[in-house]
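Shown next, in structure tokens, is the structure this report addresses.
The values are calculated or read from the model by the stated rules, or taken from the named source; none is laboratory data. What you see is a predicted model, and the numbers here were worked out from it, not measured in a lab. Here the Cβ is made from the backbone with ideal geometry for all residues, glycine too, and neighbour counts use every protein chain on show.
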Amino acid sequence: MAGQTFDVVVIGGGINGAVSAAALAARGLSVALLERNDFASFTSQESSNMVWGGFKYLQNYELALVWELCKSRNELMDAYPTAISEVRFFATLDKTAPFPAWLASLGTFGYWGFGRLATKAPKFFRPKAIKKAVPVVRTDTAKGAIEYSDGYMLENDSRFVWTFVRSALDHGAVALNYAEVVSATYHPERVWEFGVQDSVNEKAFKFKAHSVVNAAGPFVDGLNESWGIKTDHRIVYSKGIHLIVPRVTDQERVLAFFDDTGRLFYVLPMANRSVIGTTDTRTIDANEGVLPEDREFLLDQINRRLDLDKPLTEADIISERCGVRPLVVPVDGDDQTQTDWTKLSRKHEIEADIDRQVVTIFGGKLTDCLNVGDEIAEALESFGVKFGPADPDWFGEPSEEKRDAFYARAAKHGLDRAPTVEHAPTAAEVLWRRHHNAANDVLDLIESDATLAEELFPNSDVLRAELELMISREMLVYADDFLRRRTKLALIVGDEALASAPGMVELNNALGNTALGNTALGNTAPGNTALGNKAPGRG
């Protein structure tokens, strides 16, 4: 990257930045992608893992948004058939529900229609039928329940983001994590010059780009202000948290409830764990994190809605997620304290500054990420940027024939067995949905050394060969990159169990780390060096 001149630089390696880099590189542009921490290390690693059309947005009559999100959901589910699965949402309606059961049931059929009937049909359950369908749900105040379908990422959200970073690289882009822009100058000859500080190698360098995509998520406003860019929109923050606890039900359903404020929250499956969340609270601090009152609220809400042998407590929390949604509001609109917080739109906005050749992405969701990629390309065209049609393989899983060929090859290594904790028919499917074609590289490694077929951590479904593969092609720097973002081990295993496992020594040795760090694994602010010191390179 140093000393080069690119067609476009994308700043921010979350879902917006990753998909923009992939979409532009696939159209033949020379692309640089910069992320000051690790890819997907902020908002994009803190989601509910849902790929959904936004059923709750019907409540605010955002019909156009739901229509488009359902279309995007269907496209992603078709493109990633093993990584994104249809899952049933079972929503119990009690006195806290903001509408009667009959209206909610009618809404599910409308939502099914918005989704082009691409999923299973919805159902309605009377109170007496709820307990039979989902025994763990309390029914003493239930008025009924509705069941409908949406999409769910079986791997981590940050893993999904990485697939677009990898796609960008495969299409010729240059990407760098742990590298922060420290200076930016726009020259009269219509070119930007950036100064960058690489925190891994502790080196500074400069490069140039003709156009810029500001994909800094919650921090887009700060970047634009530092560059003198004026926009019509700005970002406000909505904080959402999740608590990961032992499984509360063996069912592969998402349980939905309305909390005491009338807002939906969920119990989602994640391997052998349950994820409770999310909340929706105002904050002005993007790094606020999980507060004691956040935990107390969620635990209280779920304990009053589940029939458990004993209530969940803080001692049951294995890990936590906490992120801020960058919500889009007009620059000249009311301050966020004057708005109905939960009714702020979740749709994204894209603005183009033609004079300075800067495109800014405000907001966005995992579900409509492909639209963001296409819209960024359209914005750059308005600058006069020329490129060809996109390579159709810039997103999505490889063909069914390639997948079946991998399954047949994996079966020869015993990977047609059931996985240990993941929800999938075979261990081979877990490998495929995580790596796609590169899963064959995992088999190559196993063929050279049979011990690489062993699990790196007990009861994890992550093979030792996967670590070797990720070291070579996934730009790992810290242990946290592997444990929290390229896999979800730090979410489902827990800090103490990981730290004491022999696999941690192997992981740190592979990264070139010489000692364990003193920060928590995977559950702290982005950029931490969880259980590992700086590595000499990015693989």
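Close contacts from region 232-248, counting a first residue that is under 14 Å from D316 (Cβ atoms) and a second that is in a strand (DSSP E or B) and among the acidic types (D, E), with Cβ to Cβ under 9 Å and a gap of 6+ residues or different chains, come to H242/E320; L243/E320; I244/E320.
Within region 415-470, count every residue that is among the β-branched types (V, I, T) and in contact (Cβ under 8 Å) with a residue 40 or more places away in the chain. Summing the residues that are among the β-branched types (V, I, T) and in contact (Cβ under 8 Å) with a residue 40 or more places away in the chain in region 415-470 gives 2.
Applying the set (1) small (G, A, S); (2) within 20 Å of the chain's Cα centre (by Cα); (3) in a loop (DSSP other than H, G, I, E, B) to S274 leaves exactly one unmet item: (3). When the criteria are applied in full, A428 fails the requirement of being surrounded by 18 or more Cβ atoms within 10 Å (Cβ to Cβ), more than 29 Å from G512 (Cα to Cα) and within 21 Å of the chain's Cα centre (by Cα).
When we screen A418, A424 for residues that are assigned to a loop (DSSP other than H, G, I, E, B), touching a Ser or Thr at 6+ places or on another chain (Cβ under 7 Å) and not assigned by TED's automatic domain parsing to the domain that holds G373, the only hit is A418. Aliphatic (A, V, I, L, M) and in a strand (DSSP E or B) - does that describe any residue in region 220-240? Among the residues of region 220-240, at least one is aliphatic (A, V, I, L, M) and in a strand (DSSP E or B), which makes the answer yes. Would region 328-343 turn up any residue that is assigned to a loop (DSSP other than H, G, I, E, B) and buried (at least 19 other Cβ atoms within 10 Å of the Cβ)? No, because not a single residue in region 328-343 is assigned to a loop (DSSP other than H, G, I, E, B) and buried (at least 19 other Cβ atoms within 10 Å of the Cβ). Only a single criterion out of (1) within 30 Å of L489 (Cβ to Cβ); (2) surrounded by 21 or more Cβ atoms within 10 Å (Cβ to Cβ) is not satisfied by T108, namely (1).
Would you check if there is a residue in region 183-195 being at pLDDT 95 or above, assigned by TED's automatic domain parsing to the domain that holds V10, in contact with a strand residue (DSSP E or B) (Cβ under 8 Å, 6 or more places away or on another chain) and not in a strand (DSSP E or B)? No: region 183-195 contains no residue that is at pLDDT 95 or above, assigned by TED's automatic domain parsing to the domain that holds V10, in contact with a strand residue (DSSP E or B) (Cβ under 8 Å, 6 or more places away or on another chain) and not in a strand (DSSP E or B).
Here V385, V430 are screened, and the one residue that is touching a Pro at 6+ places or on another chain (Cβ under 6 Å) and either over 28 Å from G115 (Cα atoms) or modelled with pLDDT of 95 or more (or both) is V430. Within the group A118, A142, which residue is of a type in the set (G, A, S), surrounded by fewer than 21 Cβ atoms within 10 Å (Cβ to Cβ), outside the structural domain of S345 (by TED's automatic domain parsing) and not in a helix (DSSP H, G or I)? Going through A118, A142 in turn, the sole match is A118.
Of note, V200 does not satisfy the criterion of being buried (at least 20 other Cβ atoms within 10 Å of the Cβ), within 30 Å of the chain's Cα centre (by Cα) and of a type in the set (V, I, T). Of all residues in region 456-471, exactly one satisfies the criterion of being modelled with pLDDT under 95 and either within 16 Å of H435 (Cβ to Cβ) or assigned to a helix (DSSP H, G or I) (or both), namely S460. From the residues in region 260-271 that are within 19 Å of the chain's Cα centre (by Cα) and assigned to a strand (DSSP E or B), which one is farthest from N49 (Cα to Cα)? By that ranking, first place goes to F265.
Here E75, E68, E86, E62 are screened, and the one residue that is in the same structural domain as G262 (by TED's automatic domain parsing) and among the acidic types (D, E) is E86.
Please determine whether any residue of region 209-229 is in contact with a Leu (Cβ under 7 Å, 6 or more places away or on another chain) and of a type in the set (S, T, Y). Steps first, answer last, please.
Going residue by residue through region 209-229, those that are in contact with a Leu (Cβ under 7 Å, 6 or more places away or on another chain) are 211, 214, 216.
From what is left, the residues that are of a type in the set (S, T, Y) are 211.
The answer is yes, given that some residue of region 209-229 is in contact with a Leu (Cβ under 7 Å, 6 or more places away or on another chain) and of a type in the set (S, T, Y).
The single condition among (1) closer than 21 Å to S149 by Cβ; (2) part of a strand (DSSP E or B); (3) not hydroxyl-bearing (S, T, Y) that D250 does not meet is (2).
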